[in-house]
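The structure appears below as structure tokens.
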Amino acid sequence: MKVRFWGVRGSFPVPGKQTNRYGGNTSCVEVEVAGHAPIVIDAGTGLRQLGKRLVRNEFRDGNGLVHMLISHTHWDHIQGLPYFSPLYSEGNELQIYARQPGDTHLGAVFAHQNDGPYFPVPLASLKARVQFNELLEGQQFDIGDVKVRCTRLNHPWIAMAYRLDYGGKSVVYCSDTAPFRDILLEHEFIATPPSAAVPLDKQHEIQLRMMREKLVDLCRGVDFLIYDTQFTPEEYEAKPHWGHSTPDDAIAIAREAGAKVLCLFHHAPARTDDQQDAILATYKHLLRDDDLELVCAAEGMVVDLAEVGS
Amino acid sequence: MRLDVWGVRGSIPAPGPSTNRYGGNTPCLSIIDSKGHLCVIDMGTGVVPLGTAVLQNALPIEDDFGGGKGKATVLLSHGHWDHIQGFPFFAPVFIPGNTLNIYGNARTSDRVEAVLEGQMNPQFSPIYTLKNLGATIKFEGVRERQCFRVSNLEICSMELPHGETSALSFQIKEDGKTLIYASDAGYPAEGAPDAIVEFYRGADVLVHDSTYTPEEQEERRHRGLSSYVDAAAVAIRAEVGKLVLFHYDQDHSDDMVDENVRKCAQELERRGAGQIEVVGAFEGMTLEI
């Protein structure tokens, strides 16, 4: 099983010299299993380049099948989909999996992006067959020979983390989420950070603790943990209600779960390559005597899980 | 008036080393008039660095946007993603007291307000609704050939064919100088209709869609965009002073854009219009008009 990064950025795509090395495309990760249809996690702008690769082989003739797990439908996680070339050939098939979005159909949510006035090709008129699979929190299912599990995260309008297991190797994709201590993020709009003077609601505290336990359980012994680390600790202090974590939060989860490699992901749009280098160096130093290995996601990076822990 | 270019790319932002020189951000221009009024044209991802520049006081703008006392005009050509996707990240909209007057096409099926409200829907955006933006957002529907005045600018609009929909072109005048913005223009194969040519006529600067090479255009005419040859042809007919190529295909590298600009200059020369200067718009470009 291999993990390939096509987009690593959070919020919005950021072209320019200052993102050349880590990459400016929004979230998109491919999980490759030899002989298996591609599994894509999130459909940010990185998806466009993946689509260009796919249409060079069986997708060109309309014989391709791709599975796509969506963490949540915020723009930076779906905005590449209308530009995904395999959708424009008859015969190709796209299976989309995402959390059941409450009072509407998942297909209707995605149709909004493709329909007028935003885009000229409505979802219903795409040549490829697109199917929507609505998931419940905690659901387990198979994609071919790959076992998939999911659990919910602490993010406005709720996001899902996914774990994929195949051939004794595993990867978890955990983006986007706030840590599980200061504020519960669900469907309510929260305009300002919670006041330090007001203690966290008891019920919320219990919900957050359970959410965290389930996430640690999902990550238990995982080979490769991809985690939303958009914020520095200072940025988090100012914006705990935005729904993103720091490397410190990710390290705590990774250690508790016994993850082998932690991968920093969903980089802040304003973060330059040099700043990202500095963040990685700081936390690598912190973990210098630790069993946990730390890496930082960059566009084009490929990780062969067969080589993790060996 | 002063023109600054913040985003030049069509369809979808194109990050990476191959777009560093012209830029990978989607369409956004700013006009600053002699009174220091800010007028934004389209809000692709280029509007993000514009917002940063505004709050850093890096531009000759009269209003204090950082202090919540700014009033900006926004002209929207149409509602396709690449022309609005930067809006939720334009920093001045988060500062209470600022005002954005957004002008868009009144004739499309969705009102401009509904287009931008749909963008903020909580399924897709942590903003949830336009009402959560700190700034006051006002909307004006513009009819074809309608003219209006903001600050010292005379602005007129014209509808351009754009595939199965349309995009607004804007003519902006100050002190006898004229700029035309014509992105996402997809003329019929026989060329731009006369009314559009008249709308462009004699402009000092024509910023024009040039998504494709003529070879690409042969297969993609239905998409409603222009090639650099289409841009050259209409620039000649309208006898403009300067042609600025704009809205590049997301797959065109800097080297390909260089080549298209060079070939466009040759095309103008070949058609006896070598007096029209042609340049390729790039992020960071500034023109005093």
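The values are calculated or read from the model by the stated rules, or taken from the named source; none is laboratory data. Fair warning: this is a prediction, and the values are worked out from it, not measured in the lab. Cβ coordinates were reconstructed from backbone atoms using ideal geometry, including for glycine residues, and neighbour counts include every protein chain displayed. Each accessible area value is taken on the protein alone, full model and side chains, heavy atoms only, with ligands, DNA and RNA left out. Shrake-Rupley method; radii C 1.70, N 1.55, O 1.52, S 1.80 Å.
What residue among A:T232, A:V216, A:S245 has its Cα farthest toward the positive end of the dipole of the range A:211-252, where the charges are +1 on Lys, Arg and -1 on Asp, Glu, each on the Cβ? So the residue we want is A:V216. When the alpha carbon gyration tensor of the range A:247-302 is reduced to an equivalent ellipsoid, its three semi-axes come out at 20, 12, 11 angstrom, largest first. For the range A:2-307, the dipole from Cβ point charges (+1 on Lys and Arg, -1 on Asp and Glu) about the Cα centre works out to 580 debye, to the nearest 20. Of the beta bridges in the range A:71-151, as assigned by DSSP with both residues counted there, near 35 percent are antiparallel. A Stokes-Einstein calculation at 37 °C with viscosity 0.692 mPa s, built on the Kirkwood radius of chain B over Cα pairs, returns a diffusion coefficient of 174 µm²/s. Which one of A:Y173, A:H187, A:G144 is farthest out on the positive end of the charge dipole of chain A, using unit charges on Cβ (Lys, Arg +1; Asp, Glu -1) and the Cα centre as origin? Looking along the dipole axis, the top candidate is A:G144.
According to the calculation over all Cα-Cα pairs in the range B:131-289, the P(r) per 5 Å bin from zero is 2, 9, 18, 21, 20, 15, 8, 5, 2, 1, 0 %.
With each run of n ≥ 4 DSSP H residues scored as -39500 (n - 2.57), what mean residue ellipticity at 222 nm is computed for the protein assembly as shown after dividing by its residue count and rounding to the nearest 500 deg cm²/dmol? Let's see the in-between values first.
Values: 13 runs with 129 residues, N = 599.
It comes out at -6500 deg cm²/dmol, rounded to the nearest 500.
Of A:G243, A:G221, A:G44, the residue with the greatest mean-square motion in the GNM of chain A, using alpha carbon springs below 10 Å, is A:G221. Take A:199-209, B:218-228, B:263-273, A:1-11 and order them by the average number of nearby Cβ atoms within 10 Å per residue, most first; the result is A:1-11, B:218-228, B:263-273, A:199-209. Cross-link check: pairs A:K2/A:K239; B:K177/B:K263; B:K138/B:K173; A:K2/A:K260 evaluated at a Cα-Cα cut-off of 26 Å; pairs beyond the cut-off: A:K2/A:K239; B:K177/B:K263.
Using a probe of 1.4 Å, the accessible surface attributed to A:L69 totals some 0 Å² when neighbouring protein chains are kept in position. Taking every residue in A:16-26 and counting other chain Cβ atoms within 10 Å of its Cβ, the average works out to 4. Inter-label distance, B:D194 to A:S195: 7.1 nm, where each label sits 7 Å from its Cα along the C-beta direction. Under a 10 Å cutoff between Cα atoms, tell me which one of B:Q119, B:Q217, B:Q56 has the largest fluctuation in the Gaussian network model of chain B. Ranking B:Q119, B:Q217, B:Q56 by mean-square fluctuation puts B:Q56 first. Electrostatic tally near A:A191: other residues with Cβ closer than 13 Å to its Cβ, Lys and Arg +1, Asp and Glu -1, net +1. Enumerate the residues in the range B:1-35 having an amide nitrogen under 20 Å from the point lying 7 Å beyond the Cα of B:D175 toward its Cβ. Counting only backbone N, you get B:1-5, B:30-35. About its Cα centre, the range B:1-141 has a charge dipole of approximately 60 debye under the convention of +1 per Lys or Arg Cβ and -1 per Asp or Glu Cβ, with nothing else charged. Relative to the current alpha-carbon distance between A:E186 and A:A108, full extension at 0.36 nm per residue lengthens the span by 26.0 nm.
The chymotrypsin sites (Phe, Trp or Tyr not before Pro) of the range A:163-239 that DSSP puts in a loop, and whose beta carbon has at most 15 other beta carbons within 10 Å, are A:F189.
Which of rounded, prolate, oblate describes the range B:1-143, given a ≥ b ≥ c as roots of the alpha-carbon gyration tensor eigenvalues and a/c under 1.5 marking rounded, otherwise prolate only if a/b is larger than b/c? Rounded, since a/c falls under 1.5. Across peptide B:44-52, the mean count of Cβ atoms from other chains lying within 10 Å of each residue's own Cβ comes to 2. Grab the beta carbon distance between A:D274 and A:E235, set R0 = 25 Å, and tell me the FRET efficiency rounded to 0.05. Here the calculated transfer efficiency is 0.90.
With every protein chain kept in the model, how would you rank B:T136, B:T129 by accessible area, 1.4 Å probe, largest at the top? Could the numbers behind the result be given before it?
On the way: B:T136 65, B:T129 30 Å².
Ranked list, largest accessible area first: B:T136, B:T129.
From a point 7 Å beyond the Cα of A:R21 in the direction of its Cβ, which residues of the range A:225-243 have a backbone N at a distance under 17 Å? From the range A:225-243, the list is empty. For the pair A:K127 and A:A37, the difference between a 0.36 nm per residue extended length and the Cα-Cα distance amounts to 30.5 nm. A:T282 contributes about 80 Å² of solvent-accessible surface, heavy atoms of the protein only, 1.4 Å probe. Cys residues of chain B that find no other Cys beta carbon under 4.7 Å: B:C28, B:C39, B:C264.
Give me the dipole magnitude in Debye, nearest 20, for the protein assembly as shown about the Cα centre, with unit charges on the beta carbon: positive for Lys and Arg, negative for Asp and Glu.
Working: 55 positive and 81 negative charges, 68 e Å.
Roughly 320 debye, rounded to the nearest 20.
Averaging over all projection directions, find the projected area of the Cα convex hull of the range A:2-307 and quote it in nm² with one decimal place. If you wrap the Cα atoms of the range A:2-307 in a convex hull and average its projections, you get 15.9 nm². Considering only B:S227, B:F199, B:S210, and ranking their Cα positions along the charge dipole of the range B:199-245 that arises from unit charges at the beta-carbon of Lys, Arg, Asp and Glu, the one farthest toward the positive end is B:F199. Taking all protein chains together and rolling a 1.4 Å probe, A:W242 ends up with roughly 120 Å² accessible.
Kirkwood hydrodynamic radius of the protein assembly as shown, from the reciprocal of the average inverse Cα-Cα distance over all distinct pairs: 24.9 Å. For A:P101, the shell of other residues with beta-carbons less than 14 Å away shows a net charge of -2, using +1 for Lys and Arg and -1 for Asp and Glu. Across peptide B:156-164, the average count of Cβ atoms from other chains found within 10 Å of a residue's Cβ is 1.
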